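Structure first, commentary second.
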Amino acid sequence: MGYVQGIKILLVFFLSVPGAFAYDTQKPNLEDLNRAIAMNPKAANAYYDRGLLLYKQKDYPRAIADFSQAINIDPKDAQAYYFRANAYAAQHQHAEAIADYNKVLDVDPQDATVYYNRSLSFQELGSINQAIADLNQAIKIDPNYSESYHNRGLLWDREGDLHQAVADLTQAIELNPSLAEAYYNRGIIYEKQNKRIDAINDFSHAIKLNPSYAESYSNRGEVYVQQDDFAQARFDFTKAIDINPKIAQSYNNRAIVYFQLKQYAKAWEDLQEAKQLGYAVDPEFIATVKKAVDR
């Protein structure tokens, strides 16, 4: 199951300080920011703006260096701590990210976005209880924060509390009916609960919202296999493969369907493709299909 997560980014550009090289603070470019810093090496806002620009370009090491310089000049710059934390998290330096998010919360303990982002880093470090606590706080501050309900639902699923997971994902959907990932993840939990019709409905809704959602087709296909609806399962696995030819499990699962439909040569071809993509195909199934092909 794929947990859908991401850092929520709030882009804010500071105005240039009086007496500094004048540059467009709404659309700064790297050349102008370099000149501004050269003319005034103590201009914290110029380092901050350049850090944001580099961050948007995914040049995280240089962005971190600029945010750090801005913080050295102005240790109370909460925004610089915030975006440096995001940059650290993007580089999987989650302990450093958490330390910076803590600095931001020291200044503004009512920022739901910071709790949300910090929860992601806690989760990456395996600190699930702390991640849930942060999402609880984010929801307390902003009861309409659909992403927080969504991610908390995923954590409840990880902890084995499927009932609470469904409740949170349902709340996320009510707050944001266009959140395809919430339908997808709730569908997976319904599948775990053997609520196959509900699972199919959720995967179908995710596909309606995002017709390129290969994982939803693949998971819906698995439910159809459980219902012995092999024709529909074949359609879904084929659609998933068409969208993303690298989903090895879809080849394996379509091979199972082809075998059930007595299309043994096609089953064999899909097993070979699944193996080539690194999927751990059941050796007994390989032998069974090979025997059927050789008849």
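Any read-out appearing in this document is the output of simple, stated calculations on the displayed coordinates, not a laboratory observation. Please read these numbers as outputs of a predicted model, since none were measured by experiment. Here the Cβ positions follow ideal geometry from the backbone for every residue, glycine too, while neighbour counts run over all protein chains shown.
Quick look at the values:
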item: Estimated FRET transfer efficiency when R0 is 41 angstrom, pair GLN272-LYS140 (beta carbons, to 0.05); result: 0.20
item: Local electrostatic count at SER216 - Lys and Arg +1, Asp and Glu -1, tallied over other residues with Cβ under 10 Å; result: -1
item: Net charge dipole size for the stretch 20-126 [Lys, Arg +1 and Asp, Glu -1 on Cβ; Debye, nearest 20]; result: 160
item: 25 °C / 0.890 mPa s Stokes-Einstein diffusion coefficient of the stretch 105-148, Kirkwood radius on C-alpha pairs, µm²/s; result: 242
item: Reach of LYS76 by Cα under 13 Å, taken over aspartates and glutamates that are not fewer than 8 positions away in the same chain; result: ASP100, ASP106, ASP108
item: Cβ-Cβ FRET estimate between THR238 and LYS208, R0 fixed at 22 Å, reported to 0.05; result: 0.75
item: Length gained when the stretch ALA287-GLN130 is fully extended (0.36 nm per residue, less Cα-Cα span); result: 51.8 nm
item: Counted charge near ILE173, where neighbours are those whose Cβ lies closer than 11 Å (Asp, Glu -1; Lys, Arg +1); result: -3
item: Three principal axis lengths of the stretch 143-210 [C-alpha, angstrom, descending]; result: 30, 27, 13
item: At 1.306 mPa s and 10 °C, Stokes D of the chain from Kirkwood alpha-carbon radius, µm² per second; result: 72
item: Segments 179-189, 63-73 sorted - mean Cβ within 10 Å per residue, highest first; result: 179-189, 63-73
item: Simple label model, 7 Å out from Cα along Cβ direction - ALA280 to ALA95, nm; result: 3.0
